[in-house]
Amino acid sequence: MSNGHLLDLKGIEKHYELGKTTVTALRGVDLQVERGEFTVVTGPSGSGKTTLLNIIGCLDRASKGTYVLDGTDVSARDFDDLAEVRNQKIGFIFQSFNLIPVLDVAENIEFPCAVRKNAEDPKKLRARVNALAKRVGLEPYLHHKPDELSGGQRQRVAIARALITEPRLVLADEPTANLDSATSDQIIDLMLELNKEQGVTFLFSTHDPRVVKHAKRALQIHDGRIETGTGH
């Protein structure tokens with residue numbers, strides 16, 4: 001695997017048709033993200049950051065432009081192919097956690113691997129789940145359901161679930177939005193540690209100044225264009 005860019009977006013545009021009106025969400029976005037970066041995208045509501053994350057996460061396709069992920073051009077892939085790319089290369093962390101209420105912590109963490117085409121040996125998978133749960137401080141809660149956990153614990157489950165597939169990239173959409181400030185700090189610290197220890201590439205959208213403060217690079221998006229990028 002070559003070093004350098006994990007993500008390379010050039011001239012990305014996204015247009016939506018609403019009746020007879022065309023709404024432009026992204027206007028010629030160029031973005032490169034290196035392997036192992038901890039990058040945030042900030043901007044007001046409606047600026048295009050969620051649309052950008054959806055395209056990067058292969059949840060949506062650009063109307064125009066090229067997107068190369070981990071050396072593979074995914075710009076023209078159909079949605080079945082994009083689903084496969086997501087499952088192999090990308091982990092997701094959401095502000096609302098998106099845990100499955102009827103599954104316990106261990107089952108929630110292993111779920112992305114359980115739905116893969118090529119099933120992993122269940123014992124090996126559960127051993128990886130246990131190790132990851134221990135790493136994020138969830139070892140005592142493996143058999144708890146999500147509604148028995150605090151918000152911070154639920155987000156730790158979501159982080160472990162995002163990492164269980166050993167993704168190249170973890171995308172986090174407002175990951176601290178539903179957490180109090182002390183819990184937010186703990187979650188940010190945990191993600192920074194995972195970034196440093198395991199070299200996982202993190203890309204966030206956020207309004208949280210604490211997340212921005214810790215990022216290696218902060219990008220601002222406004223009216224569908226990336227305006228500035230500041231490194232730390």
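The values are calculated or read from the model by the stated rules, or taken from the named source; none is laboratory data. For clarity, every value in this text was computed on a predicted model and none was experimentally measured. Glycine also receives a Cβ, built like all others from the backbone with ideal geometry; neighbour counts cover every protein chain displayed.
Given the criteria part of a helix (DSSP H, G or I), buried (at least 18 other Cβ atoms within 10 Å of the Cβ), modelled with pLDDT of 90 or more and small (Gly, Ala, Ser), does Ala127 qualify? Spell out how you get there, then give the answer.
On the way: part of a helix (DSSP H, G or I): yes; buried (at least 18 other Cβ atoms within 10 Å of the Cβ): no; modelled with pLDDT of 90 or more: yes; small (Gly, Ala, Ser): yes.
When the stated conditions are applied, Ala127 does not pass them.
Yes or no: Ala172 of a type in the set (Gly, Ala, Ser) and under 12 Å from the mean Cα position of the chain (by Cα)? Against the criterion (of a type in the set (Gly, Ala, Ser) and under 12 Å from the mean Cα position of the chain (by Cα)), Ala172 qualifies.
Within segment 89-102, the only residue that satisfies the criterion of being crowded, with 17+ Cβ neighbours inside 10 Å and of a type in the set (S, T, N, Q) is Gln95.
Among the listed residues Val136, Val105, identify the single one that is in contact with a Phe, Trp or Tyr (Cβ under 8 Å, 6 or more places away or on another chain), of a type in the set (A, V, I, L, M, F, W, C) and buried (at least 18 other Cβ atoms within 10 Å of the Cβ). Steps first, please.
Working: Val136 fails: in contact with a Phe, Trp or Tyr (Cβ under 8 Å, 6 or more places away or on another chain).
Only one candidate qualifies: Val105.
If you go through segment 180-190 one residue at a time, do you hit one that is at pLDDT 90 or above and either among the basic types (Lys, Arg) or over 25 Å from Gly11 (Cα atoms) (or both)? For segment 180-190, residues at pLDDT 90 or above and either among the basic types (Lys, Arg) or over 25 Å from Gly11 (Cα atoms) (or both): absent.
Screening Ala25 against (1) touching a helix residue (DSSP H, G or I) at 6+ places or on another chain (Cβ under 8 Å); (2) within 16 Å of Leu171 (Cβ to Cβ) leaves a single unmet condition, (2).
Rundown of residues vs (1) in contact (Cβ under 8 Å) with a residue 24 or more places away in the chain; (2) among the polar types (S, T, N, Q), yes/no style:
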position	(1), (2)
Arg35	yes, no
Phe38	yes, no
Lys49	yes, no
Thr66	yes, yes
Ala76	no, no
Lys89	yes, no
Ile93	yes, no
Leu103	yes, no
Asp121	no, no
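A quick yes/no check of all residues on (1) assigned to a loop (DSSP other than H, G, I, E, B); (2) surrounded by fewer than 13 Cβ atoms within 10 Å (Cβ to Cβ); (3) in contact (Cβ under 8 Å) with a residue 24 or more places away in the chain; (4) charged (D, E, K, R):
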residue	(1), (2), (3), (4)
Pro112	no, no, yes, no
Leu132	no, no, yes, no
His143	yes, yes, yes, no
Asp147	no, yes, yes, yes
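Taking the criterion of being exposed (fewer than 13 other Cβ atoms within 10 Å of the Cβ), on the phi < 0 side of the Ramachandran plot and in contact (Cβ under 8 Å) with a residue 40 or more places away in the chain, would at least one residue in segment 168-185 satisfy it? Scanning segment 168-185, I find no residue that is exposed (fewer than 13 other Cβ atoms within 10 Å of the Cβ), on the phi < 0 side of the Ramachandran plot and in contact (Cβ under 8 Å) with a residue 40 or more places away in the chain, so the answer is no. Of all the residues in segment 87-110, those that are assigned to a helix (DSSP H, G or I), within 18 Å of the chain's Cα centre (by Cα) and within 14 Å of Arg156 (Cα to Cα) number 3. The single condition among (1) more than 16 Å from Phe97 (Cβ to Cβ); (2) surrounded by fewer than 16 Cβ atoms within 10 Å (Cβ to Cβ); (3) of a type outside the set (Val, Ile, Thr) that Leu203 does not satisfy is (2).
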